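First comes the structure, then the notes that go with it.
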Amino acid sequence: MLKLSRLTDYAAVVMAQIARHPQASHAATELAEAVQLPHPTVSKTLKMLVRAGLLVSQRGAQGGYRLARPASQITAADIIAAIEGPVAMTECSQAEGDCELVATCGVADNWQRVSLAMRTLLESVTLAHLADTAPIKLPVQLPIQTISLSAASA
């Protein structure tokens, strides 16, 4: 099963909470209470998101956390990368030369295509989408439907 870590899920929840109130500065304790997560977990997540450049923090009485850029310019891929590292299905689809089996594998190019498709899909979902509480309307046109994964286009 492909599954994001709990910390990544929590990061998306925290980011969505901030995105719903983008003009305000949010204290870690306020965010923890709002999303019903333990304060240490929220604090750890916030530090990782600041380090990745998705949030900015300001100290002081009027301090707190804010989005570093508009929610429409932050993607699900950005949030995942901030917590888990680059989005890739396998080691070889992340960087060339990281696999001992590259000479005999035979499927590396195909995993790279799958990784590209997954990355493209995650880059098409913005924090604004994640923060929207309205139910999704089906059918949804996914950007992956416009990508050719054939060997000729790679």
Average projected area of the Cα convex hull of region 1-138, in nm²? 10.2
Could you look at region 1-122 and say what percent of its accessible area is carbon and sulfur, using a 1.4 Å probe and all protein chains? 53
Taking just the C-alpha trace of region 33-88, give me its Rg and Dmax in Å. 12.1, 41
Going Cα to Cα from Lys44, which aspartates and glutamates come in below 20 Å? Please leave out same-chain ones fewer than 8 positions away. Asp9, Glu30, Glu33, Asp78, Glu84
Solvent-accessible area per residue for region 26-125 at a 1.4 Å probe radius, Å²? 59
Between Ser43 and Leu7, what is the label-to-label distance in nm when each label sits 7 Å out along the Cα-to-Cβ direction? 1.6
Can you pull the accessible area of Glu33 for me, 1.4 Å probe, Å² to the nearest 10? 140
Suppose we take every Cα in region 24-63 and form the convex hull; what volume per residue is that in Å³? 70
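The values are calculated or read from the model by the stated rules, or taken from the named source; none is laboratory data. What you see is a predicted model; the values in this text were computed from it and never measured. Using ideal geometry, Cβ is built from the backbone for each residue, glycine included, and neighbour counts are taken over all protein chains shown. Ligands, DNA and RNA are stripped out before the accessible areas are found, and what is left, the full protein with its side chains, is counted by its heavy atoms. Shrake-Rupley method; radii C 1.70, N 1.55, O 1.52, S 1.80 Å.
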